Ligand code: 13P
Ligand code: SF4
């Protein structure tokens with residue numbers, strides 16, 4: 001078997017290789033996956049919440065925005081999307097002529113399920129003239145009713161790009177919406193009351209207890225968290241110095257992990273994130289705020305299912321052409337705004 005060992009310098013954008021294989025992965029399996037991908041002219045994309053084995057075998061690992069950007073530009077004819085269904089749909093919207101495969105189409109998202117296209121149409125009718133900003137965690141049908149999509153890494157910039165006197169309908173995540181409203185100080189933002197069950201479960205009291213027990217630790221908080229408001233409250237009250245509290249997308253967490261000098265960082269997001277954080281910074285201790293913050297949908301994508309997907313070409317993700325055409329504009333606006341976050345390869 002010809003598997004090189006991981007070195008830090010190799011964990012950068014470059015020619016896809018198996019140089020980054022650091023999880024206790026079966027290297028024979030990993031080589032087989034890469035060979036199958038080459039044979040099928042497929043590229044494997046993995047979200048930061050995937051299981052370590054899948055993150056390590058993927059050609060590209062990143063946050064939602066980075067993966068959307070990659071999906072729009074990769075040369076391969078097939079994209080194997082190791083993430084959840086709305087992410088694979090977004091890849092289809094951006095690369096309509098490519099074959100998009102998700103290893104298990106049942107991998108949904110509790111947040112995307114909190115708003116339907118009908119509900120959004122009804123909301124729009126109540127606020128004529130408002131601009132609709134939808135988080136990328138939405139179905140293709142909702143994106144088709146949206147003016148601009150955003151992800152957690154560019155939500156603030158997306159809302160800032162809308163003239164200050166134009167009302168904004170922001171959906172579906174209430175915690176991300178509250179974060180954007182705080183950052184932009186907009187008083188004409190209407191926020192949909194959706195939430196992700198995993199992030200909403202990371203609450204302020206847990207965070208407060210951990211901060212009290214670890215007074216020197218830095219905090220990385222995903223803006224979908226139920227604790228985001230509490231984290232900012234703790235910071236503004238001086239309980240946690242503001243400079244140690246960072247509200248970040250998963251890609252933003254990785255950038256911050258590369259440069260932090262902290263001995264310990266408390267991480268408030270889905271626990272799959274810890275794998276990449278520990279990979280890019282081996283000297284800092286990264287600890288989850290809530291060990292039970294596991295997205296069962298992300299974890300539906302297993303190494304066995306990835307292999308099955310490559311061999312059998314299933315599950316194919318399709319989006320009706322008219323919906324994809326209407327959704328594309330809002331997704332393309334999203335990928336044009338904000339600083340690209342880095343991806344691992
Ligand atoms: P990111 O956009 O930060 O990757 O988050 C996606 C997601 O689903 C968070 O739960
Ligand atoms: Fe959806 Fe939450 Fe899972 Fe992210 S962590 S994919 S928002 S259910």
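The values are calculated or read from the model by the stated rules, or taken from the named source; none is laboratory data. Predicted, not measured: the structure shown is a model, and the values here were computed from it. All Cβ positions, glycine included, derive from the backbone under ideal geometry; neighbour counts span all protein chains shown.
Summed over the range 121-153, the residues that are in contact (Cβ under 8 Å) with a residue 40 or more places away in the chain, closer than 18 Å to residue 84 by Cα, in contact with a strand residue (DSSP E or B) (Cβ under 7 Å, 6 or more places away or on another chain) and not in a loop (DSSP other than H, G, I, E, B) give a count of 5. For the range 94-109, residues that are more than 16 Å from ligand 1 (Cβ to nearest atom), touching a residue at least 12 places away in the same chain (Cβ under 8 Å) and within 21 Å of residue 329 (Cα to Cα) total 5.
Within this structure, residue 139 passes the test of being within 14 Å of ligand 2 (Cβ to nearest atom) and at pLDDT 95 or above. Of all residues assigned to the range 173-188, none qualifies as being more than 19 Å from residue 251 (Cα to Cα), modelled with pLDDT of 95 or more, part of a strand (DSSP E or B) and within 16 Å of ligand 2 (Cβ to nearest atom). The condition (being surrounded by fewer than 20 Cβ atoms within 10 Å (Cβ to Cβ) and within 22 Å of residue 153 (Cα to Cα)) is satisfied by just one residue among 243, 270: 243.
Of the residues making up the range 289-299, not a single one is closer than 24 Å to residue 253 by Cβ, free of Cβ contacts under 8 Å to residues at least 24 places away in the same chain and over 20 Å from the mean Cα position of the chain (by Cα). For the range 53-69, indicate whether the set of residues that are over 16 Å from the mean Cα position of the chain (by Cα), at pLDDT 95 or above and assigned to a strand (DSSP E or B) is non-empty. No, because not a single residue in the range 53-69 is over 16 Å from the mean Cα position of the chain (by Cα), at pLDDT 95 or above and assigned to a strand (DSSP E or B). Suppose we filter the range 71-91 for residues that are more than 16 Å from ligand 2 (Cβ to nearest atom), surrounded by 24 or more Cβ atoms within 10 Å (Cβ to Cβ) and part of a helix (DSSP H, G or I); how many remain? Count: 1.
Would you confirm whether any residue within the range 102-111 is away from ligand 2 (no atom under 16 Å from the Cβ) and touching a helix residue (DSSP H, G or I) at 6+ places or on another chain (Cβ under 9 Å)? No, that holds for no residue.
Checking 158, 180 one by one, the residue that is within 16 Å of ligand 1 (Cβ to nearest atom), in contact with a strand residue (DSSP E or B) (Cβ under 6 Å, 6 or more places away or on another chain), under 22 Å from residue 67 (Cβ atoms) and in contact (Cβ under 8 Å) with a residue 12 or more places away in the chain is 158 and no other. Screening residue 197 with (1) within 23 Å of residue 292 (Cα to Cα); (2) more than 16 Å from ligand 1 (Cβ to nearest atom); (3) surrounded by fewer than 19 Cβ atoms within 10 Å (Cβ to Cβ); (4) touching a residue at least 40 places away in the same chain (Cβ under 8 Å) gives one miss only, at (2). Please determine whether any residue of the range 197-208 is within 19 Å of residue 124 (Cα to Cα) and out of contact with any helix residue (DSSP H, G or I) (no Cβ under 8 Å at 6 or more places or on another chain). Checked the range 197-208: no residue is within 19 Å of residue 124 (Cα to Cα) and out of contact with any helix residue (DSSP H, G or I) (no Cβ under 8 Å at 6 or more places or on another chain).
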